[in-house]
Amino acid sequence: MITLALDSTSRYSSVALTDNDRILGHTFLDSGNTHSETLLPAIIDLLNFNHMHSDDVRLFACSAGPGSFTGVRIGVSILKGLCSGSTRPCVGVSTLEALAENLPYTDSLLCPVMDARRNQVYNALFRRTEEGLIRLTPDRLITLSELSAELSNYNQKIYLCGDGYSLAKKNLSVYTENTPSLLIAQNAVSVALVAKRQWENSPGSDFSEGKLQPIYLRASQAERERLEKETANKKI
C-alpha cells in the first residue's frame, strides 16, 4: 500500500513515500526555510522520482501534534488539501508515538521529548516488545524536573529522541543512553509506519479528511496572553 507521510511539527521538514514497510523515498530538511516553502516541493519531487501521482497514494498521513503550533497547522492543512474530495484514508498520528517508532531497541524505556519552552517538554513514555510498541503514558506537557523524578523510578536503559534531545540531556538528573543522531529527529518514515498500523488496527474507523484535527496540549501563546490579561483585569 502506497503511503505518503509528512512531519512538520518542529523546525525539521520531513516527507516520506512508502510501499507497506518499504521506503520508496524520504526527504529531511533543516534548512531554515518555512514548512510552507519546503513540504509541497518535497512531496512533488518524491512522487515524480517514483513516477507516481497523488492518485497512486492509498493512505495519507501526518504528525498531527503535539509540536510547533504553526508547523502542526501547516502539516494538517497540506494533508487536508491533498485529500480533499477523496475517499482515501487520511491519518493523523501522535508526533511522540512516531518519534518512539524511530527507536528499534528492546528492553529499554523510550522517551520522546519535544521542546515546549519554559523548561517544559511534550513527552510520552513507550516500551518496545516482541508484540510491538507499547504506550506507557499519554501524550503530555511536563516539566523537566517532573520528568526526571518519574524516570528515576525505572531501572532500565533510557533512550531519548526528538527536538528536545539536547535540552533533556543537559537538564535531566537521570542517566540516559546516547541515541544515534539519525534516530533523534522527527521522521516521516516513522509517521508512515505508525499511520499504516493505526489504520490496519482500526477497521471501520472514520479516517476521512474532515476528521483530521491538530493535537495541541496547551493553549497558544496568543491565547495564554489573552487569558493572563483577562485575569489581571478581573483583579483590578
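The values are calculated or read from the model by the stated rules, or taken from the named source; none is laboratory data. Keep in mind it's a predicted model, so treat the numbers as computed, not measured. Cβ coordinates were reconstructed from backbone atoms using ideal geometry, including for glycine residues, and neighbour counts include every protein chain displayed. Accessible surface is based on the protein model in full, side chains and every heavy atom, while ligands, DNA and RNA are left aside. Shrake-Rupley method; radii C 1.70, N 1.55, O 1.52, S 1.80 Å.
Couple of notes before you dig in:
- Taking (1) open to solvent by less than 30 Å² (accessible area, probe 1.4 Å); (2) of a type in the set (Gly, Ala, Ser); (3) within 21 Å of the chain's Cα centre (by Cα) in turn, residue 148 satisfies each apart from (3).
- From the options 194, 189, residue that is crowded, with 20+ Cβ neighbours inside 10 Å and more than 21 Å from residue 107 (Cα to Cα): 189
- Qualifying residues in the stretch 89-103 (those that are open to solvent by less than 10 Å² (accessible area, probe 1.4 Å) and under 17 Å from residue 60 (Cβ atoms)) - the one nearest to the chain's Cα centre (by Cα): 95
- Any hit, the stretch 28-43, residues being closer than 23 Å to residue 199 by Cα and either of a type in the set (Val, Ile, Thr) or surrounded by fewer than 21 Cβ atoms within 10 Å (Cβ to Cβ) (or both): yes
- Residues (charged (D, E, K, R) and within 20 Å of residue 113 (Cα to Cα)) located in the stretch 177-222: 177, 218
- Taken together, the residues in the stretch 117-176 that are part of a helix (DSSP H, G or I), small (Gly, Ala, Ser) and in contact (Cβ under 8 Å) with a residue 40 or more places away in the chain amount to 1.
- Selection from the stretch 2-27 of residues that are open to solvent by 40 Å² or more (accessible area, probe 1.4 Å) and among the charged types (D, E, K, R): 11, 19, 21, 22
- Residues in the stretch 53-88 that are part of a loop (DSSP other than H, G, I, E, B), open to solvent by less than 50 Å² (accessible area, probe 1.4 Å) and over 26 Å from residue 162 (Cβ atoms): 57, 86, 88.
- In the stretch 93-116, residue modelled with the lowest pLDDT [restricted to those that are closer than 18 Å to residue 179 by Cα and in a strand (DSSP E or B)]: 108
- Identity of the residue in the stretch 38-89, touching a residue at least 60 places away in the same chain (Cβ under 8 Å) and of a type in the set (Lys, Arg), that ends up farthest from residue 200 (Cα to Cα): 73
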